[in-house]
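Q: Sharing a structure, written as structure tokens. Questions coming.
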Amino acid sequence: MPPTLGDIADFLGASSWSGPRETRIAGMAPLADATAEHLAFLSNPKYAPQLETTQAAAVLVANDVPGDSPRWIRVPNPYLAMALVLRRFFAAKPRPDGISPLASIAPSARIGNNVAIGPFVTIANDVAIGDDVTIYQGASIEAGSTIGAGTTIYANVSIYDRTIIGKRCILHSGVVIGADGYGFAPYEGRHEKIPQVGIVRIEDDVEIGAGSTIDRAALGETVIGEGTKIDNLVQVGHNVKVGKHCLLVAQVGIAGSTELGDHVVVAGQSGFAGHLKIGNRVQVAAKSAVFDDVPEGTKVMGAPAIPFREFARRELALKKLMRKR
Amino acid sequence: MPPTLGDIADFLGASSWSGPRETRIAGMAPLADATAEHLAFLSNPKYAPQLETTQAAAVLVANDVPGDSPRWIRVPNPYLAMALVLRRFFAAKPRPDGISPLASIAPSARIGNNVAIGPFVTIANDVAIGDDVTIYQGASIEAGSTIGAGTTIYANVSIYDRTIIGKRCILHSGVVIGADGYGFAPYEGRHEKIPQVGIVRIEDDVEIGAGSTIDRAALGETVIGEGTKIDNLVQVGHNVKVGKHCLLVAQVGIAGSTELGDHVVVAGQSGFAGHLKIGNRVQVAAKSAVFDDVPEGTKVMGAPAIPFREFARRELALKKLMRKR
Amino acid sequence: MPPTLGDIADFLGASSWSGPRETRIAGMAPLADATAEHLAFLSNPKYAPQLETTQAAAVLVANDVPGDSPRWIRVPNPYLAMALVLRRFFAAKPRPDGISPLASIAPSARIGNNVAIGPFVTIANDVAIGDDVTIYQGASIEAGSTIGAGTTIYANVSIYDRTIIGKRCILHSGVVIGADGYGFAPYEGRHEKIPQVGIVRIEDDVEIGAGSTIDRAALGETVIGEGTKIDNLVQVGHNVKVGKHCLLVAQVGIAGSTELGDHVVVAGQSGFAGHLKIGNRVQVAAKSAVFDDVPEGTKVMGAPAIPFREFARRELALKKLMRKR
């Protein structure tokens, strides 16, 4: 049974709201698309005019938006409220039904309570799976790995041996964790492989997008810090350390042994050379190439990447140069 | 039994051709590599001198090429004729033999006629598979998805729940459709996940290359339009709309909510910021970064991307500047 | 039982070493991290001061480093020695235990001696697997492919039909070999698929990183030369020829029919247009876009890529230009 607006208002603690509590809500929608069975939200002020025209049953509106309507449910942060309402009422995913008899699970593996494992999953020797873990079909978890409680591993993920994955992580399909780092010693015109005997450690609340790859360390650990969110098709090289609560947007690449601080934001298709130190709260614009250390709090852009202000001055100089001729 | 030149000439409607009809043809080859059992073709005029030297049994030649030879089979469009001949006579792929007893198929799934499903495929609840669909080993199709008639899904593809895939589509190995979009609400220094409750809809005759990822919408749909062809390792973000008959070359990335018109061509490794409008027939050169809307029919290049002509002027100005010093 | 320092010194032929032969070694570690059960190494001179402070049981040190210590094991090339010691003593991977009864192996496949095949592997008709091959769970090997002796194929790799893979190759998880090249003939506003009927041939001692994709040729072969090492998420288009002992770093892309010579080094996120000739020993800096042929031995950088020296002059000219205003 779908929730009522009253259920939702109560969940959000919107005690002053006095709209139609019994209206059933089928889901959330943007203001422009919502119908009478949807809850909408106003987050970006540029859409405020749609408050008049929306067909939504109700709208999540920030406390400081002027005006009033019985349809408005006042909340401190409508974007966050939308996330919480979706999570609570509308985000249920189909989940494998218990532990499939078609999975291959080593007798030495330890499996927690309330674990769901789909068909054709391989769980190798000495793997430890925490409580409330979900592993979809075709995923492979190699020997000695540990999966923290509440983590979700989607179909066809590949986790190499001895990987450590924290609690409440989400790994999307096609993710590869713990493949060999790219390390070779030149010798007589050939590239001799340096065995990669380190591991990958992923802390709690990390999400990793489809097709991304995190290489194991040569020696020691590759680390993804707590709360960091990685988009699709991102490459993280061996011995990289990514700090806490970073954002790595799609198709970013980080070469070996580079270290990112906390709260670093890297826009899509940017790359880092190896062995760099990138400070806390650094921001890197899209398609940049970072070849040098970047101090805390700096915003950089370009290939090679330079500070935002310098990049803007450079673009301006180029435009003037062209006008002169 | 391989076809004869007569079979091929008849198939192409080359009624005036009077060469050796009984010669058996093992396959097609470029002019320079062809042997006496191959059919060759002349598409790019720069290879015309090879018409003299090729060992091919016969050559597909455009109607307007001067000269004559009993080996030449005249056609209006040799490149297209090559495609048609390959498809008709030489492109048979090995296909799983019926429905493998080693697949896991939910009782509630509906499976059409003449469907081939390899081993270790998972088809979850309420999936609908059209006629003449081929699904290779290890693919995963999550609950509630629909696969149109004549579509081919290669090994180890992952399709999340409620995805809609059209007719005659081709999804190559490693493709991931419907993973969560990259959406987070900042809250007290952490990134709160915004559940991604929309879907992906892929229209008819779309091909998607190996390892590419198409994210599901936050709310609503991510759409790939009819006849669009996507190369390998391409990333399409949540709520993106790609028009009809577009070409997205390898390693392109499109950030969330950007909309591409029809017949847009994007060369390799280019990227688009989010929330942009890209007009019909826009062309983007390789490794460009598009940060702004692009009007219909425009060709852009560079990072940030600017019109072709402006880019050329800029390169010229830089060269002059260097010569001056 | 872990090796002793004596075992290791003997293996390296360090006959003059007179340290504590009986000390057991658990593994290797960098100088700064090593404990009394580790062997360390000095390769980069910048870490020489750590020779004083390291806790390592012993250190691999080049013959020409001044000073002496009973802990130093002298070798000609410490980096190579590290690789060899790791490979000999510390690099054992968990391996599937023989041929899993949960694999699907066609009766017509030929399987060599000492082959390990994990669960949910599919080996189709007429595949030939050499001796000492390891294939992890969920990998798919389509009809008519050949896997050379000593090759390792990790979980969830997808190999299309008729692929030829050499000896001692390593294919990491998520790799896709032999998917269709990106070839279409424009016809009445649509893109008609050109069937891709060629193959991929990978020579001996090639390593391919996680998620990389190598497309089959339209006609003929796509070739990866002997000893070439490919990092993660690299795209190699149809009919590309990569020479011997090349390095392709992560997220590189090579468009169709381009040919790379031997010993070419391409840094991360760089791309090549199609139909180019790239000479032996060319080096391409990170995030470059190569649009033209590059002669033997040249180093190029930028987008479009130009010789290193020219790129440096250009950057300098831009800096001066900005200072002038």
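Q: What does the charge dipole of chain C about its Cα centre add up to, to the nearest 20 debye, if the Cβ of each Lys and Arg holds +1 and the Cβ of each Asp and Glu holds -1? Before the final figure, lay out the partial values.
A: Numbers: 32 positive and 32 negative charges, 278 e Å.
Computed charge dipole of chain C: roughly 1340 debye.
Q: Going toward the positive end of the dipole of the protein assembly as shown, with +1 on Lys and Arg Cβ and -1 on Asp and Glu Cβ, which of B:A116, C:L86, A:I230 do you reach last?
A: Highest projection toward the positive end goes to A:I230.
Q: Go through region B:186-191 residue by residue and turn each phi into a ³J(HN,Hα) via Karplus (6.51, -1.76, 1.60, θ = phi - 60°); whole Hz please, and just put x for glycine and proline.
A: So the Karplus estimates, Gly and Pro as x, are x, 8, 6, x, 10, 10 Hz.
Q: Let me ask something else about it. Of the beta bridges DSSP finds with both residues in chain A, what % are antiparallel, to the nearest 5?
A: The answer is about 10 percent antiparallel.
Q: Find how much the distance from A:D33 to A:Q55 grows on full extension, using 0.36 nm per residue of separation minus their present alpha carbon separation; answer in nm with one decimal.
A: Contour length minus Cα-Cα distance gives 7.1 nm.
Q: With every protein chain present, what accessible area does C:F291 have (1.4 Å probe, heavy atoms only), rounded to the nearest 10 Å²?
A: Approximately 70 Å² of C:F291 is accessible to the 1.4 Å probe.
Q: Also, quick follow-up: Can you pull the mean other chain C-beta count within 10 Å for peptide B:244-257? Intermediate values should be presented prior to the final figure.
A: Details: counts 2, 5, 1, 4, 1, 8, 11, 12, 3, 11, 2, 7, 3, 0.
Going residue by residue through B:244-257 and averaging, the value is 5.
Q: Another question, then. Mind checking the mean number of beta-carbon atoms from other chains within 10 Å of the Cβ atoms in B:220-232? Working shown, then result.
A: On the way: counts 3, 0, 0, 0, 0, 0, 1, 5, 1, 6, 1, 9, 15.
That works out to 3 on average.
Q: Right, next: Shape verdict for chain C, please, from the Cα gyration tensor: rounded (a/c under 1.5), prolate (a/b greater than b/c) or oblate.
A: Values: a/c = 2.79, a/b = 1.20, b/c = 2.33.
Verdict is oblate for chain C.
Q: Please say if region A:209-298 is rounded, prolate or oblate, where rounded means a/c under 1.5 for a ≥ b ≥ c the square roots of the C-alpha gyration tensor eigenvalues, and otherwise the choice is prolate for a/b larger than b/c and oblate otherwise?
A: It is rounded, given that a/c, with a ≥ b ≥ c, falls under 1.5.
Q: Further question: Please list C:V197, B:V121 from largest to smallest accessible area, probe radius 1.4 Å, with all protein chains kept in place.
A: These residues rank, largest area first, as C:V197, B:V121.
Q: Non-local amide H neighbours of C:A32 (under 5 Å, H modeled in plane, Pro and chain starts lacking H): which ones?
A: Correct list: empty.
Q: Using 0.36 nm times the number of residues separating C:S18 and C:R190, minus their current alpha carbon distance, what extension gain do you get? Don't jump to the answer; show the numbers that get you there.
A: Numbers: separation 172, 0.36 × 172 = 61.92 nm, distance 7.51 nm.
Between C:S18 and C:R190, full extension yields 54.4 nm more.
Q: Could you tally the net charge around C:A149, taking each other residue with its Cβ under 9 Å from the Cβ of C:A149, Lys/Arg +1 and Asp/Glu -1?
A: Once positives and negatives cancel, what remains is 0.
Q: Of the options A:G268, A:A250, A:A317, report the single residue whose Cα projects farthest towards the positive end of the charge dipole of region A:176-325 (beta-carbon charges: Lys, Arg +1; Asp, Glu -1).
A: Projecting each Cα onto the dipole axis, the largest value belongs to A:A317.
Q: Calculate the mean, over all residues of peptide B:91-100, of how many other protein chain Cβ atoms lie within 10 angstrom of the residue's Cβ.
A: On the way: counts 6, 2, 7, 9, 1, 2, 3, 0, 0, 2.
Average neighbour count from other chains, rounded to a whole number: 3.
Q: What is the dipole size for region A:5-90, taken about its Cα centre, with +1 at each Lys and Arg Cβ and -1 at each Asp and Glu Cβ, in debye to the nearest 20?
A: Numbers: 7 positive and 8 negative charges, 34 e Å.
Roughly 160 debye, rounded to the nearest 20.
Q: Using label points projected 7 Å from each Cα along Cα→Cβ, tell me how many nm separate A:A109 and B:D131, to one decimal.
A: The modelled label-to-label distance comes out at 4.1 nm.
Q: List the residues whose amide H sits under 5 Å from the amide H of B:V294, counting only those 5 or more places along or on another chain, with H placed 1.01 Å from N in the peptide plane.
A: Sorted by chain and number, the residues that satisfy this are B:K277, B:I278, B:G279.
Q: Given a cut-off of 21 Å, name the pairs among A:K193/C:K287; C:K46/C:K299; A:K320/B:K320 whose C-alpha atoms lie farther apart than that in the structure shown. Mind showing how you got there, number by number?
A: Numbers: A:K193/C:K287 25 Å; C:K46/C:K299 26 Å; A:K320/B:K320 14 Å.
Too far apart for the 21 Å limit: A:K193/C:K287; C:K46/C:K299.
Q: Would you be so kind as to identify which of C:I99, C:I73, C:V61 lies farthest towards the positive end of the dipole of region C:59-111, taking Lys and Arg as +1 and Asp and Glu as -1 on Cβ and the Cα centre as origin?
A: The residue sitting most towards the positive pole is C:I99.
Q: Tell me, how many Å apart are the Cα centres for region B:263-286 and for region C:73-103?
A: Computed from Cα coordinates, the inter-centre distance equals 46 Å.
Q: If you count only protein heavy atoms and use a 1.4 Å probe, how large is the accessible surface of A:R71, to the nearest 10 Å²?
A: Probe radius 1.4 Å; accessible area of A:R71 about 70 Å².
Q: Can you tally the net charge around B:L12? Count Lys and Arg as +1, Asp and Glu as -1, for every other residue whose Cβ sits under 11 Å from the Cβ of B:L12.
A: Neighbourhood net charge equals 0.
Q: Something else now. For region C:70-184, give me the percentage of DSSP beta bridges that are antiparallel, rounded to the nearest 5 percent.
A: Values: 0 of 21 bridges.
In region C:70-184, DSSP labels about 0 percent of beta bridges as antiparallel.
Q: Here is a further query. Please give me, ordered by residue number, the GluC sites (Glu not before Pro) of region C:142-208 that lie in loop per DSSP and have at most 10 other Cβ atoms within 10 Å.
A: Working: sites: C:E142, C:E188, C:E192, C:E203, C:E207; in loops: C:E142, C:E188, C:E203.
Sites meeting the loop and neighbour criteria: C:E188.
Q: If Lys and Arg each add +1 and Asp and Glu each add -1, what is the summed charge of the other residues whose beta carbon sits under 13 Å from the beta carbon of A:R88?
A: On the way: positive: A:R87, B:K193; negative: A:D7, A:D10, B:E192.
In short, -1.
Q: Using alpha-carbon pairs under 8 Å, 6+ residues apart, how would you state the relative contact order of chain A in percent?
A: Numbers: 935 pairs, mean separation 20.9, N = 325.
Relative contact order, chain A: 6 percent.
Q: Using alpha carbons only, how many angstrom separate the centre of region B:155-221 from the centre of region C:115-149?
A: If we compute the Cα centre of each part, the gap is 30 Å.
Q: Still on this structure, I have one more. Note down the accessible area of C:D33, probe 1.4 Å, to the nearest 10 Å².
A: 100
Q: Among A:S140, C:S257, what's the order by accessible area (1.4 angstrom probe), most exposed first? Intermediate results must be reported in sequence, preceding the final value.
A: Numbers: A:S140 5, C:S257 35 Å².
Final ranking, largest accessible area leading: C:S257, A:S140.
Q: Across region C:209-223, in residue order, what do the Karplus-derived ³J(HN,Hα) couplings come to in whole Hz, using 6.51 cos²θ - 1.76 cosθ + 1.60 with θ = phi - 60° and x for Gly and Pro?
A: Values, residue by residue: x, 3, x, 6, 10, 10, 7, 6, 6, 5, 10, x, 10, 9, 10 Hz.
Q: About the Cα centre of region C:53-181, how large is the charge dipole given +1 on each Lys and Arg Cβ and -1 on each Asp and Glu Cβ? Please answer in debye to the nearest 20. List each step's numbers first, then the result.
A: Values: 10 positive and 9 negative charges, 83 e Å.
Around 400 debye, computed over region C:53-181.
The values are calculated or read from the model by the stated rules, or taken from the named source; none is laboratory data. This structure is a prediction, so every number in the text was calculated from the model and none was measured. Methodologically, a virtual Cβ is constructed for each residue, glycine included, from the backbone with ideal geometry; neighbour enumeration extends over all protein chains shown. Keep in mind that these areas ignore ligands, DNA and RNA; they rest on the heavy atoms of the full protein, side chains included. Shrake-Rupley method; radii C 1.70, N 1.55, O 1.52, S 1.80 Å.
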